[in-house]
Amino acid sequence: MSEVFSDISAALQAGKAKDVKELITKALAEGADAKDILDKGLLAGMDVVAVKFRAGDVFVPEVLISARAMNAGTALLKASLAEAGAKPVGKAVIGTVKGDLHDIGKNLVRMMFEGKGIEVVDLGVDVSPEMFIEACRNEEPDIVAMSALLTTTMGEMKAVVDAFVAEGLRDKVILMVGGAPVSESFRESVGADLYAEDAASAAEAAKRAITQKNGSH
Ligand code: B1M
């Protein structure tokens, strides 16, 4: 089985979305665990791309093509990663903050939320504080989840928290932050309620916080 994971990783590095999809379909049919496909195939491949990107061995276009292959692959895993029969827990609005176009991690968080029975309204990437506020008014979510991948955009999370305070909406929602440069101490410094390191623990933490907020068990 480990061969198929390295094949998926290699296809992702080469940006071959069609191959990634075919290999995942085959692996699932052969009984591979979706979490293993994600961790040992897709994320392992993206780690290699990231190292090459940092070293200047590959550039934005190649990374973008790998990212598309990643998103195509994770879409196939969605159903398998979802918890069977998860009951509706609450509603989330999610987005990558203003100025930031990275969406792979955010898409994984969305998928894990849905897997926990949290309904998700996905605002996409480059989401301004005003867009988060508008979505909060229209959708009345329990939680607003923000992702940032750049040290230059993580400050936007503070702008979102400030906008919620200014609009009198701060007490209505749980504000959650995450993404590679984000940490628990950063969460505290911007005044958000929740931080999680990865998509799976983000979904656990969100579910717990929503259940607590709504006073159910
Ligand atoms: Co960009 N990029 N990128 N990039 N890119 C990084 C982030 C970088 C670390 C690479 C590097 O130089 N080492 C670097 C940031 C440096 C910094 O700020 N410290 C960087 C840079 C500099 C840039 C550009 C500025 C490059 C340029 O143009 N010169 C540019 C910026 C564009 C913009 O956003 N305005 C840029 C562009 C791009 C692409 C478009 C080519 C592409 C994105 C495509 C896409 O997303 N559709 C891209 C990619 C793919 C990467 C790397 C290689 C991979 C990111 C990724 O998807 N990882 C990345 C290097 C790296 O991360 N090592 C890099 C996999 C993903 C599953 O992980 O998103 O971290 P991640 O999500 C994790 C956790 O963080 C967490 O859960 C996930 C795991 O389960 N998580 C949350 C995420 N959101 C969460 C929210 C939560 C909780 C947890 O609660 C709400």
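Every number here is computed from the coordinates shown, using simple stated rules; none is lab data. Just so it is clear, the model here is predicted, and its values are computed rather than measured. Cβ atoms come from the backbone with ideal geometry, glycine included; neighbour counts cover every protein chain shown.
For the reader, a short list of remarks on this structure follows.
- Cβ-based charge dipole, the chain, positive-most Cα from Ser189, Ser80, Ala50: Ser80
- The chain: most fluctuating residue of Val120, Val48, Val144 per GNM, C-alpha cutoff 10 Å: Val48
- In the calculated pair-distance distribution of the range 90-215, the portion above 23 angstrom amounts to 17 percent of the Cα-Cα pairs.
- Mean separation of Cα contacts under 8 Å (6+ apart) over length of the chain, as relative contact order %: 17
- Considering the chain at the alpha-carbon level, its Rg and Dmax are found to be 17.7, 54 Å.
- Cα long-axis angle, helix 60-81 against the chain (0 to 90 degrees, to the nearest 10): 80
- Separation of alpha-carbon centers, the range 40-91 and the range 163-205, rounded to whole Å: 22
- Between Ser80 and Val60, the FRET efficiency from the beta-carbon distance, with R0 = 30 Å, is close to 0.45.
- The range 2-84 gives an Rg/Rh value of 0.99, both radii derived from C-alpha positions and Rh following Kirkwood.
- Stretching Lys26 away from Ser185 to a fully extended chain increases their span by 53.0 nm, per 0.36 nm per residue minus the current alpha-carbon distance.
- Sorted by Cβ density within 10 Å, fewest first, the residues Leu169, Leu42: Leu169, Leu42
- Rounded to two decimals, the Cα-based Rg/Rh of the range 50-126, with Kirkwood Rh, is 1.06.
- Cα centre as origin, Lys/Arg/Asp/Glu Cβ charges: the range 80-138 dipole, Debye: 220
- Test item: Cα-centred dipole of the chain, Lys/Arg +1 and Asp/Glu -1 on Cβ, debye: 200
- Rounded to the nearest 500, the helix-only mean residue ellipticity at 222 nm of the chain stands at -16500 deg cm²/dmol, with each DSSP H run of n ≥ 4 adding -39,500 (n - 2.57).
- For the range 106-147 and the range 19-34, distance of Cα centres in Å: 29
- Fewest-first ranking of Glu114, Glu156, using other Cβ atoms within 10 Å as the exposure measure: Glu114, Glu156
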